[in-house]
Amino acid sequence: MIKLEKHGYIGILTIDRAHALNAINSETLETLYNRANEIAKDEEMRCLIVTGACKAFVAGADISEMKDLSHEEAVDFARRGNRAFCALENLEIPIIAAVNGYALGGGCELALCADIRIASEKAKFGQPEVGLGITPGFGGTQRLMRTIDRANAMELILTGKIIDANEALRIGLVSRVVAPESLMDEAMSLANTIAANAPIAVRNSKKAMRFKYMRLLEEDLENEARLFGDCFESEDQRMAMTSFVDKTPKEEFKGK
């Protein structure tokens, strides 16, 4: 489900649920949390690359698991997502997301946990949750506005639109766009450049740059989790997610 390989000082973490386009479920979150703790204890690793298997980075959270959650269960699901994502984000070593395909919903939120994002020309980004009757639940409302400007973050989240790699580059969501066949080579080259520098200086530079970013994030994520859970008391959420899973036409949202 989540593979961890080492190449010298470089770690490669691969989300591998190819049958579900790497969609995140509870088991994935628990495994990700454990992998992050494993990496944190590795004193030799100097940089981590996060990517996805097959044609997707992570296509989102697993809607079939989410659709029937109660309010309390949804809040707990969001908290478990935040626990896993924060464990990854809080690693002292730099993280590079090599986004090879769909990075939607939870996938975009996972990419936002990285310090640097490189995209394949085939990558797609978006926070389409509002079309499913919910808010982003794994930090999207917080990390996106800490990464790109407020207006573009608002537009992405409130419209639910999906953008391509070049648009992601234009708004600053990724730092470069490369040919699909070059993605991992580019990520490895960047990781090796970082790893060749003084490890303590690199870790401390990351800490210094993220200090202001991280303040109040935990409180903001908890607020997001509660609002995410509120959506699971609505008729709109039940209708939209059932339609998604059953592949039937979605009805008009009623605001109930």
Residues that are within 16 Å of Ile162 (Cβ to Cβ), surrounded by fewer than 24 Cβ atoms within 10 Å (Cβ to Cβ) and out of contact with any Pro (no Cβ under 7 Å at 6 or more places or on another chain), drawn from the range 102-138: Lys124, Gly126, Pro128, Val130, Gly131, Leu132
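Out of the residues in the range 139-173 that are in contact with a Ser or Thr (Cβ under 9 Å, 6 or more places away or on another chain) and within 28 Å of Arg215 (Cα to Cα), state the one that is most open to solvent (accessible area, probe 1.4 Å).
Leu169
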Number of the condition not met by Ser182 [criteria: (1) surrounded by 13 or more Cβ atoms within 10 Å (Cβ to Cβ); (2) over 22 Å from the mean Cα position of the chain (by Cα); (3) more than 29 Å from Thr135 (Cβ to Cβ)]: (2)
Some residue of the range 244-254 being in contact (Cβ under 8 Å) with a residue 24 or more places away in the chain, touching a Leu at 6+ places or on another chain (Cβ under 7 Å), in a helix (DSSP H, G or I) and buried (at least 17 other Cβ atoms within 10 Å of the Cβ): yes
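Matching residues to (1) among the hydrophobic types (A, V, I, L, M, F, W, C); (2) in contact with a strand residue (DSSP E or B) (Cβ under 7 Å, 6 or more places away or on another chain):
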position	(1), (2)
Leu48	yes, yes
Glu65	no, no
Phe77	yes, no
Asn90	no, no
Ile96	yes, yes
Val99	yes, yes
Ala103	yes, yes
Ala111	yes, yes
Selection count, the range 156-177, where residues are part of a strand (DSSP E or B) and either touching a Gly at 6+ places or on another chain (Cβ under 9 Å) or farther than 10 Å from Gly126 by Cα (or both): 4
Unmet criterion (only one of (1) outside any helix (DSSP H, G or I); (2) at pLDDT below 95) for Met45: (2)
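Criterion first (surrounded by fewer than 23 Cβ atoms within 10 Å (Cβ to Cβ) and modelled with pLDDT of 95 or more) does Glu92 satisfy it? Show your work before the answer.
Numbers: surrounded by fewer than 23 Cβ atoms within 10 Å (Cβ to Cβ): yes; modelled with pLDDT of 95 or more: yes.
For Glu92, the condition - surrounded by fewer than 23 Cβ atoms within 10 Å (Cβ to Cβ) and modelled with pLDDT of 95 or more - is met.
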Subset of the range 53-98 [in a strand (DSSP E or B) and more than 19 Å from Lys6 (Cα to Cα)]: Ala56, Phe57, Val58, Ala61
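Take the residues in the range 185-222 that are more than 18 Å from the chain's Cα centre (by Cα) and under 30 Å from His71 (Cα atoms), then tell me which one is modelled with the lowest pLDDT.
Going through the range 185-222, the residues more than 18 Å from the chain's Cα centre (by Cα) turn out to be 185-186, 188-209, 211-212, 215-216, 219.
From what's left, under 30 Å from His71 (Cα atoms): 215-216, 219.
Numbers: Arg215: 75, Leu216: 79, Glu219: 86.
Ranking the candidates gives Arg215 first.
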Within the range 185-235, considering residues that are outside any helix (DSSP H, G or I) and of a type in the set (S, T, N, Q), the one least open to solvent (accessible area, probe 1.4 Å): Ser234
From Cys86, Cys47, residue being buried (at least 23 other Cβ atoms within 10 Å of the Cβ) and closer than 26 Å to Pro199 by Cα: Cys47
The range 24-42, residues that are farther than 17 Å from Gly11 by Cα and either assigned to a strand (DSSP E or B) or hydroxyl-bearing (Ser, Thr, Tyr) (or both): Ile24, Ser26, Thr28
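Of the residues Ala40, Ala53, Ala23, Ala18, only one is surrounded by 21 or more Cβ atoms within 10 Å (Cβ to Cβ) and of a type in the set (Gly, Ala, Ser); which?
Values: Ala40 fails: surrounded by 21 or more Cβ atoms within 10 Å (Cβ to Cβ); Ala53 fails: surrounded by 21 or more Cβ atoms within 10 Å (Cβ to Cβ); Ala18 fails: surrounded by 21 or more Cβ atoms within 10 Å (Cβ to Cβ).
Residue meeting the stated conditions: Ala23.
The values are calculated or read from the model by the stated rules, or taken from the named source; none is laboratory data. It should be emphasised that the depicted structure is a prediction, and the values quoted were computed from it without experimental measurement. Heads up, the Cβs are rebuilt from the backbone with ideal geometry, glycines too, and the neighbour counts pull from every protein chain shown. Accessible surface areas use protein heavy atoms only, side chains included; no ligands, DNA or RNA. Shrake-Rupley method; radii C 1.70, N 1.55, O 1.52, S 1.80 Å.
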